[in-house]
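Student: Dumping the structure here so I can ask a few things about it.
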Amino acid sequence: MRNHRDIGGGAGGGGGAGAGGGGFPSTRRSAVLGARSEDAAERERSLETLSAAYWKPVLRYVRARWGKSHEDAQDLTQGFFLRALEKDFFAGYDPAKGRFRTFLRTCLDAYLANAHDAASARKRGGGIAHVPLIAPGGGDDPDARGGGIPEDALASSESQERWFEVEWIRGLLELAVERLRAECEEKGRATAFRAFERYDLEDAGEGRLSYETLAAELGVPVTTVTNHLALARRELRRIVLETLREITASEEEFRLEARLVLGRDPD
Amino acid sequence: MSGARRENRGGRGDGPPGAGEPADRRLPDRAVAHLRAVADLPDLTGTGYALAGEIARGGMGTVYRARDLELDREVALKVVGPPDASGDLSSRLRLEARLLARLEHPNLVPVHDAGTLPDGRVFYVMKLVRGMRLDAWRREGPGRTATLRLFQKICEAVAFAHAQGVVHRDLKPENVMVGAFGEALVMDWGVAKVLGSAGAAAGAAARAGAAVVGGSDDAPIAGALPRPGGAAAGAAPSPSPGRTSERASPPSPERTGPTTAPIPGTEPGAVIGTRGYMAPEQARGETERVDGRADIYALGAILHFLLHGRPPGAAPGDASPSPSAPGVPRALDAIRDCAMADDPGARYPTALELSADVDRFLDGLPVAAHRENLLERTGRLLSRHRALVALVLAYLLMRVALIFLRGE
């Protein structure tokens, strides 16, 4: 045993990982549970958190699944979260029945279907014939399919779920990267973020950018580059886990989602 | 919230509109995949190790190949994998490291180092085993004698752990490595159970995250543990033919009513183990009843796998996983059946007794688990004294030939 470390979790290491033996904070409140609070202010705060985490995936889902223009998708996304606040959508979530993410998408589909029916009825002046839901990927703006999504990518309920999951992960990481950027700027770690941005975001494992090249570019030693990368990744992991802690309802759901987001896809 | 949303309606970015929100920064797929991977990598800054790749990923943690920069050698580094708010997994990993550090045996992987990474995750460093898993080794078709000799090494490692008061609880081919020199190494002690009062101390220490170096609980776990059968802690006794009468005897008092220290997350009622290799009492979640004999059951299941090339029947507690296959001696299947008896009291009382019965089979002696009939006994004796039988037959043949020639 090397004496600069100990096997205990209490005093050892620590870094920026916060409390908890697993290297992440356990004190963050669950916004999913907060959304069911008796306290209206708590509910609003929680919904604020949830909408920040889910805004991008919801927006992209609306565009891709319902073929909406960017402007319309913005309106619908905003309308969805406003309605969720007004009608306490999320208060009906039962953690025992599945992941919150799935529940939210179900709520979203119902909301969008209603919105679409209402719009169709208005167009027809009261409406007589049944108007089917917009076909996946179809709609009033064929160019707004979320960036070349194949026609069959959203054909089934399973594929919609999978697609939403992928976008949810992307949105979560985007949010984490933005928070990391803000934290680095605040703490005077702009070079560390720049190293991370160049190596992990722009090159992203392509292998075109070496540590040496990046070190020369940033005017720092190679060891500083690797230290910057380690720090940025560690902080990114912390932020992701903190966010997940907020947007999940139980320890089990948190673990499942964390396993999904970090590392490989589950088998 | 609503105010902010309304004010920014129609913003150009697709992020949640709000003060200071950046324009669209949609991460490309490759960046998403890369971030998911690197964010999970252990941060080895300042540890003296450099990451070299991933070896395996399990329920408790991930094992990486790493380089010890000080000693310039490759090692295996195990890190808590999934997030662990309660600290249970970290406690388990700490306890696993502590157990392995104390279980010094040629068939157990030595631990070199342990600690906490800068990212807060618990890790330990062990010898990098170069070899293959037992299931892969079996597929290469080793001979029966080599297979049984290897099985005996597994038994000896397990017997040693039992002598230290440690029950593995998840023995299976996937948790045994066969090294480059034919050595068997029993791995993955993450759900092990420590029997005895020292075990309780060890479990509490692990939960509290107390330091190993200089800690008040630094006494070896084995120090105050009951030693079933009075076996020496430092060396597992060699198999002792002739003690077969003890095979079906009731377990020793230490084994029937141990105080236990379940590793965090393995409290009473929790089902720990792998289907097919779990003893019935283990599969029923009777954690308090699980002792070394549960490992004996798993060893029997491993023997079945080695003999038949497939896991035992899917139903836990199936004492007769399959009928004897052609070519597998009934004595070996009987050994397996005895090890896998539903009743823990009917199993071999120790892994060494199990190993000893296998040894008797290899020596051509009757095994304790099987009462052979006259035909089997004759066959065994003929097989055992093959050279002598061949000589006698040759002699008789020659005599017959001489008589025949004289008669002519």
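Bear in mind these aren't lab numbers, they're just calculated from the coordinates by the rules spelled out. What you see is a predicted model, and the numbers here were worked out from it, not measured in a lab. Neighbour counts are summed over all protein chains in view; Cβ atoms, including those assigned to glycine, are modelled from backbone coordinates with ideal geometry.
Student: For B:M398 and B:D342 in one chain, what is 0.36 nm times their gap in residues minus the Cα-Cα distance, to one decimal in nm?
Tutor: Values: separation 56, 0.36 × 56 = 20.16 nm, distance 5.39 nm.
The B:M398-B:D342 span can extend by a further 14.8 nm.
Student: When the Karplus curve 6.51 cos²θ - 1.76 cosθ + 1.60 is applied with θ = phi - 60°, which whole-Hz ³J(HN,Hα) does each residue of segment B:335-346 get, with x for Gly and Pro?
Tutor: Ordered by residue, 3J(HN,Hα) equals 4, 4, 4, 5, 5, 9, 4, 4, 7, x, x, 8 Hz.
Student: Compute the FRET efficiency between B:N373 and B:E104 as 1/(1 + (r/R0)^6), taking r as their Cβ-Cβ distance and R0 = 41 Å, and round to the nearest 0.05. Write out the running numbers ahead of the final one.
Tutor: Details: r = 45 Å, r/R0 = 1.09.
In this case the efficiency is close to 0.35.
Student: Right, another one. B:T145 to A:Y211: FRET efficiency via 1/(1 + (r/R0)^6), r the Cβ-Cβ distance, R0 45 Å, to the nearest 0.05? Before the final figure, lay out the partial values.
Tutor: Details: r = 52 Å, r/R0 = 1.16.
Efficiency, from the Cβ-Cβ distance: 0.30.
Student: Note down the net charge around A:T223, summing +1 for each Lys or Arg and -1 for each Asp or Glu among other residues with Cβ under 15 Å from its Cβ.
Tutor: On the way: positive: none; negative: A:E212, B:D43.
Charge balance in the 15 Å sphere: -2.
Student: While we're here: Looking only at other chains, what is the average number of their beta-carbon atoms within 10 angstrom of each beta-carbon in B:108-118? Write out the running numbers ahead of the final one.
Tutor: Values: counts 0, 0, 0, 1, 2, 4, 7, 10, 14, 8, 10.
Mean inter-chain Cβ contacts per residue within 10 Å come to 5.
Student: My understanding is that a pair violates if its Cα-Cα distance is over 26 Å; which of B:K127/B:K172; A:K97/B:K172; B:K78/B:K153; B:K153/B:K193; A:K187/B:K78 do that in this structure? It would help to have the intermediate numbers written out before the result.
Tutor: On the way: B:K127/B:K172 20 Å; A:K97/B:K172 34 Å; B:K78/B:K153 24 Å; B:K153/B:K193 21 Å; A:K187/B:K78 32 Å.
Over 26 Å apart, Cα to Cα: A:K97/B:K172; A:K187/B:K78.
Student: I'd like to compare A:106-119, B:275-288: which one has the highest average count of other Cβ atoms within 10 Å, and what's the full order after that? Kindly include the intermediate steps, with their values, before the conclusion.
Tutor: Details: A:106-119: 16.1, B:275-288: 20.1.
Highest-to-lowest ranking by the protection proxy: B:275-288, A:106-119.
Student: What residues have an amide H closer than 5 Å to that of B:A184, excluding those fewer than 5 places away on the same chain, when H is modeled at 1.01 Å from N in the peptide plane?
Tutor: So B:A184 has HN proximity to B:G179.
Student: Karplus couplings for segment B:161-170 from phi (6.51 cos²θ - 1.76 cosθ + 1.60, θ = phi - 60°), rounded to Hz, Gly and Pro as x?
Tutor: Karplus values, whole Hz, x for Gly and Pro: 4, 4, 5, 8, x, 10, 10, 6, 6, 9.
Student: Next question. What average number of partner chain Cβ atoms lie no more than 10 Å from the Cβ of the residues making up A:227-237?
Tutor: Working: counts 2, 0, 4, 9, 4, 2, 9, 10, 3, 3, 10.
Mean partner-chain Cβ count within 10 Å for A:227-237: 5.
Student: A further question on this structure: List the residues whose amide H sits under 5 Å from the amide H of B:G61, counting only those 5 or more places along or on another chain, with H placed 1.01 Å from N in the peptide plane.
Tutor: HN-HN under 5 Å from B:G61: B:G81.
Student: What does segment B:19-152 give for Rg and for Dmax, in Å, if only its C-alpha atoms count?
Tutor: Using the Cα atoms of segment B:19-152, the pair Rg, Dmax is 19.1, 74 Å.
Student: Taking each residue in B:86-93, count the Cβ atoms of any other chain within 10 Å of its Cβ, then average. What number comes out? Show your work: numbers first, answer last.
Tutor: On the way: counts 5, 7, 3, 3, 7, 2, 1, 4.
That average works out to 4.
Student: If you stretched the chain out fully between A:R162 and A:T102, how much longer would it get, using 0.36 nm times the residue separation minus the C-alpha to C-alpha distance?
Tutor: On the way: separation 60, 0.36 × 60 = 21.60 nm, distance 1.01 nm.
That pair, A:R162 and A:T102, stretches by 20.6 nm at full extension.
Student: Mind listing the long-range amide H neighbours of B:D40? Cut-off is under 5 Å, sequence gap 5 or more, other chains count too, H placed in the peptide plane at 1.01 Å from N.
Tutor: Excluding prolines and chain starts, which carry no amide H, the hits are A:G263.
Student: Also: Under the Karplus relation 6.51 cos²θ - 1.76 cosθ + 1.60, θ = phi - 60°, what is the ordered set of whole-Hz ³J(HN,Hα) values for segment A:163-174, x standing for Gly and Pro?
Tutor: Using θ = phi - 60°, the values come out as 4, 5, 4, 4, 5, 5, 5, 4, x, 5, 5, 4 Hz.
Student: Now, a different point. For a quick check: sort A:K97, B:K127, B:K78, A:K187 by the number of other beta carbons within 10 angstrom, fewest at the front. Show your work: numbers first, answer last.
Tutor: On the way: A:K97 8, B:K127 17, B:K78 28, A:K187 12.
Ranking A:K97, B:K127, B:K78, A:K187 by Cβ neighbours within 10 Å, fewest first, gives A:K97, A:K187, B:K127, B:K78.
Student: Order of B:I154, A:I247 from fewest to most other C-beta atoms within 10 Å?
Tutor: On the way: B:I154 27, A:I247 24.
With the fewest neighbours first, B:I154, A:I247 line up as A:I247, B:I154.
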